[in-house]
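Working notes, structure below.
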Amino acid sequence: MITIAENIAQLSARLQRLERQYERSTSSVKLLAVSKRHPVESIIAANKAGIEDFGENYLQEALDKIQHLSSLRVNWHFIGPIQSNKTKAIAENFQWVHSIDRLKIAQRLSDQREPSASKLNVCVQVNISHEANKSGVELGEVEALCDRVAALPNLQLRGLMAIPAAEPDLDSQRIAFRVLAQEYSRLKPRYVQFDTLSMGMSNDFEAAIAEGSTLIRIGTGIFGPRS
Ligand SMILES: *Cc1c(COP(=O)(O)O)cnc(C)c1O
């Protein structure tokens, strides 16, 4: 428990240093704690240490945690691949979805979101590494998908997300993130509330911040290795 708080304190200090180093404005990079395959006790510890946003990949595991922690004031982000039969529970229980990669899923999420609730915040996931096994829409299709998603009544298009292939060093990591950042800047004027560039994980968040990330998704760096 002490280590989670310590990890968060160290990470926050590093984040502040990186914002200065790469001339990003203060607090322009948000920390999303990826709690998949970590117990509710770890989430409680991270929340006590100031984290308010948690990311989960596996629906049933996430629903158990959300129900168990219903008294915590936190935002739940769905960041994993989405099958059609999972959209209803996601629309009903999450505040954010980062992994929109086809219109059908976005349409179902909008249809199944309670109109009286706040809009579901979504990011379109982009496949910037051209790996056949990675999810995400190809770069050339991002704009068309964003236009359709932005028109859905119960979703709020907030930005783009990507998980690039692992690269060995900072420079090659930066090249991959730059591709997404350029597309983000190009599209930003088109959509109201388009303010989120979700990129960077435990092993590459420095490169992501250097290239303009506004939200880094950190699991291992906060909670330690997953079981
Ligand atoms: C698991 C996961 C993360 C966190 O990965 P770490 O390397 O543990 O920081 C971030 N984003 C997505 C989409 C993930 O699935």
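Among the residues in segment 125-135, are any acidic (Asp, Glu) and modelled with pLDDT of 95 or more?
Checked segment 125-135: no residue is acidic (Asp, Glu) and modelled with pLDDT of 95 or more.
Out of 56, 61, which single residue is surrounded by 19 or more Cβ atoms within 10 Å (Cβ to Cβ) and either more than 16 Å from the ligand (Cβ to nearest atom) or under 27 Å from residue 134 (Cβ atoms) (or both)?
One residue alone meets the criteria, 56.
In contact with a His (Cβ under 6 Å, 6 or more places away or on another chain), crowded, with 20+ Cβ neighbours inside 10 Å and under 24 Å from residue 224 (Cα atoms): is that true of residue 43 in this structure?
no
Answer yes or no as to whether residue 161 is in contact (Cβ under 8 Å) with a residue 40 or more places away in the chain and either under 17 Å from the mean Cα position of the chain (by Cα) or within 19 Å of residue 101 (Cβ to Cβ) (or both).
yes
Where in segment 1-96 are there strands (runs of 3 or more DSSP E), lying wholly inside it, with at least 1 residues that are among the charged types (D, E, K, R) and in contact with a strand residue (DSSP E or B) (Cβ under 7 Å, 6 or more places away or on another chain)?
30-34, 53-56
The values are calculated or read from the model by the stated rules, or taken from the named source; none is laboratory data. What you see is a predicted model; the values in this text were computed from it and never measured. We place every Cβ from the backbone using ideal geometry, glycine too, and count neighbours over all the protein chains shown.
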